[in-house]
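Read through the structure below, which is laid out as structure tokens, and then see the notes.
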Amino acid sequence: MSDIPFHVAGGVFTAGKAKTADGFAQLLPKPTPAEPAPAASQGSQRRKLWGIPHKFHCPVIGVCFGVDELRSLMAKVMHFPRDTTDFVLHTTAVGACETRSQLAELLHKTMEKRFQLVVRRFAETKDGEGLRQLWREAVRAGIEIPGALWASWTHPACDALLEQEIYGDIHMIQHQIGTGTRAELNALKSLQTENLQLRRQLDAARSEVEAQRGEKSRETRSLGQRVADLRIELAGKEAHAANLTGQLDTLRQTLPELKDRQALARRASDAEGRATALTARLNDLEEEVERLRELARHADETIRHLLAAGDQAAVAPHSADDEQAANLSGKCILCVGGRSGAVDAYRQIVEQRGGRFLHHDGGLEESLHRIDAALSAADLVVCQAGCISHNAYWRVKEQCKRSGKQCVFIKGAGVSSFGRIVSAACTPTETITVA
């Protein structure tokens, strides 16, 4: 079709004719009388498509109509071979717009209907400067360029200078679009290559997944078969257990006295267990009795010793002058037991004689574990036996014997008795009975 001449407007393509110069002359329709192109300014009337300069028809047709749409519109008013190229159809439409042809009127009506909102907005301005401003805003925004192009070139205020400026802008926009299209084609080619690689990877992944799925399916079938075998085995064992239970019931029925014997055996076992527990309890009680006897024996010895110590203290009392002159020289006195209200008096007696005072309540409230540290730090231990527990008494006695600490046991918790013991400790020549 490259031999068909350009600017075929309003004609009819007839297939089968020779493509000679005379043949193409027969294809061309007789043109209608051309209307003279009006001047750039026509007052308030908008220009028609065939009224704008012919060099503007090419960008108008190329920008405002798609290829498929242009082919469809041209098919309504002319016949052409189906294999006619897009370029031939474009140039034919451009040539038809030079005069008021049937195709030009159809294209004009189509653009007027499509761009009526843009045309109405552009019609609000009445001068060329306002029209130029609207066109530049449309170019900067990059939207509605086809409508802005049609509304600007058909506007009554569009002069030759503005026409040329718009023509230059749309020309460069078309170049930029072409450059962008080439870049997009290159990007598309790169994406297609990448898509092909991804498809190959996807196919490989699908193959791997299918292989894994097949393997899992085989494992599932194997496990299912194993479960079925185990169920069969379990059913056999349950049947065997039921058979054994039946045999046991038969044996029980053949031994009428079995239940009585089993009951007697259980009672004998329970009695043996109770006897064992009672024996253990008896042993514990015997040990407790022996321990209490030992405590009583030690208590008797302690009472006799305390009575003897009290008699000695009564026979040799110290004078007030000796107590005033006595000095502990920094010795530490530990008082175990005693009345809680007299502890401050005990402390005052010791501190007045230049000593340090420690106190432990003998296990009444304080823990016995703390008494060991106090015993280690003390130089003299005063144990008030009547005010402490048995455990504390024996603990103090054993610790003092083991460590060689000087220890005095007194029955009463009086302040005077405690003072006499402290005064005796202040005099090196005094003898203090150690339990």
Inset, instruction - Compute, for residue 269, the solvent-accessible surface of its heavy atoms (probe 1.4 Å) with the complete set of protein chains present, and express it in square angstrom to the nearest 10. - result: 70
Legend entry - Relative packing of 105-111, 227-233, 368-374, which averages over residues the other C-beta atoms within 10 Å, highest first: 105-111, 368-374, 227-233
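Sort 341-351, 51-61 by packing, meaning the average of other beta carbons within 10 Å per residue, with the highest value first. Numbers along the way, then the final one.
Working: 341-351: 16.4, 51-61: 18.3.
Peptide ranking by packing, descending: 51-61, 341-351.
Order the peptides 158-165, 287-294, 170-177 from the highest to the lowest mean number of other Cβ atoms within 10 Å of their residues.
Details: 158-165: 15.9, 287-294: 10.2, 170-177: 13.6.
Per-residue mean Cβ counts within 10 Å order the peptides as 158-165, 170-177, 287-294.
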Inset, instruction - For region 137-283, with all protein chains present and a 1.4 Å probe, just round the carbon and sulfur fraction of the accessible area to a whole percent. - result: 57
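If contacts are Cα pairs under 8 angstrom and at least 6 residues apart, what is the relative contact order of region 82-224 in percent? Display every interim value, and only then the final one.
Details: 47 pairs, mean separation 21.6, N = 143.
Taking the mean separation of contacting Cα pairs over the length of region 82-224, I get 15 percent.
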Legend entry - Gain upon complete extension [residue 415, residue 251; 0.36 nm per residue less C-alpha separation]: 50.4 nm
Inset, instruction - Assign unit charges at the C-beta atoms only (+1 for Lys and Arg, -1 for Asp and Glu), then state the dipole size of region 52-104 relative to its Cα centre in Debye, rounded to the nearest 20. - result: 160
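The values are calculated or read from the model by the stated rules, or taken from the named source; none is laboratory data. Only a predicted model underlies this, so the values are computations on that prediction, with no experimental measurement involved. Note that we place each Cβ from the backbone using ideal geometry, even for glycine, and neighbour counts take in every protein chain shown. Ligands, DNA and RNA are excluded from the accessible area calculation, which covers all protein heavy atoms including side chains. Shrake-Rupley method; radii C 1.70, N 1.55, O 1.52, S 1.80 Å.
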